[in-house]
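The next block holds one structure in the form of structure tokens; read it before the comments.
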Amino acid sequence: MGNEASKPKSGTNFQVIGAGMPHTGTAALASALRILLEGPIYHGGTQIAKGNPRDILLWTRLLRRFPPRTQTDRRNSFDTLSDLLDGYAGTADQPAALFVPELLELYPDAIVICTVRNPESWERSMRSVSRKSALWSVGLGLILLPLPGLRHFVAYANCLRRCFVYMYEEGESLTTHTYRRHIEWLKEVVPEHRLFFVNVREGWIPLCDALGMDVPDVPFPAIDDEEAMRRVSKETIMRALKIWTLVIATILCAMTAYRWFNR
């Protein structure tokens, strides 16, 4: 996840489909693309946590119909994706990375950039996420209830998990099998001349080569996906708990006043 959600800018030309799995440098890619393309980038994790509250509902609706099988489903997918991504120069992270074939058709001039890392270290990172998610899963829906949009996060996460099971045969603890299957899938559905693999640890050159652009005279964004996710998660939960504190305090005050007037 990046630091802040991007705001769409009318008239922005969509150029890049970020197709990397979570924890492969998607936040760094999004920040780098903002610099190179001079436009807002839709980083899925950040936009869902901090962006328009309606987005999580639209994505959940898309994920429930994944993969789109009928012409009606396909038409609805195109309409919803176009609505979500209008005004952005590109995407990064899930859930947009599940819709690469649709995005290729929707944006025929866009290229696909998949962020990569060592598969074994990726599995360790995802195992850590899975353990922490299990600890929060029981009460998370209740905690997030005061937050518009994010009150639907548990339903969204469950839908995303089901899509992962369909795509990679894994939904809870993701392993190198999921990582490698994702790479294979991209090679199957994306024309070779439109598909690029980038390791963000290598800095600007691989990304700029893919885009056919000069290297900018600024440092490459140094953002750790796991640390960014941890920070955004903490901020979100603290925001929800503050609202709950206010709600509970208001109820207690009302109960105290009621008892005082009726003693």
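The values are calculated or read from the model by the stated rules, or taken from the named source; none is laboratory data. Model, not experiment: these values are computed from the prediction. Note that we place each Cβ from the backbone using ideal geometry, even for glycine, and neighbour counts take in every protein chain shown.
A few comments on the model shown:
- Checking each residue of the range 136-145 against the condition of being touching a residue at least 24 places away in the same chain (Cβ under 8 Å), under 16 Å from the mean Cα position of the chain (by Cα) and surrounded by 17 or more Cβ atoms within 10 Å (Cβ to Cβ) gives no match.
- Inter-residue pairs, beta-carbon under 9 Å, first among the aromatic types (Phe, Trp, Tyr) and in the range 147-160, second outside any helix (DSSP H, G or I), 6+ apart: Phe153/Leu144; Phe153/Leu147; Tyr156/Pro95
- Residue in the range 135-144 that is closer than 26 Å to Ile183 by Cα and not hydroxyl-bearing (Ser, Thr, Tyr) present: no
Residue-by-condition table, conditions (1) within 25 Å of Lys187 (Cβ to Cβ); (2) touching a residue at least 60 places away in the same chain (Cβ under 8 Å); (3) not small (Gly, Ala, Ser):
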position: Gln15; (1), (2), (3): yes, yes, yes
position: Ser31; (1), (2), (3): no, yes, no
position: Lys50; (1), (2), (3): no, yes, yes
position: Leu57; (1), (2), (3): no, yes, yes
position: Ser77; (1), (2), (3): yes, no, no
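- Restricting the range 23-51 to residues that are in contact with a Leu (Cβ under 9 Å, 6 or more places away or on another chain) and closer than 18 Å to Gln94 by Cβ, the residue that is surrounded by the fewest Cβ atoms within 10 Å (Cβ to Cβ): Ala49
- Scanning the range 184-196 for residues that are surrounded by 17 or more Cβ atoms within 10 Å (Cβ to Cβ) and either farther than 17 Å from Ala96 by Cα or of a type in the set (Val, Ile, Thr) (or both) returns a single hit, Val190.
- All of Ser6, Ser82 fail the test of being under 29 Å from Asp217 (Cβ atoms) and polar (S, T, N, Q), apart from Ser6.
- Residues that are at pLDDT below 90 and in contact with a Ser or Thr (Cβ under 8 Å, 6 or more places away or on another chain) within the range 104-148 comprise Arg127, Ser130, Leu144, Leu147, listed in sequence order.
- Entirely in the range 119-229, the helices (runs of 4 or more DSSP H) that have 1 or more residues that are of a type outside the set (Gly, Ala, Ser) and over 28 Å from Ala32 (Cβ atoms): 119-143, 153-168, 176-189
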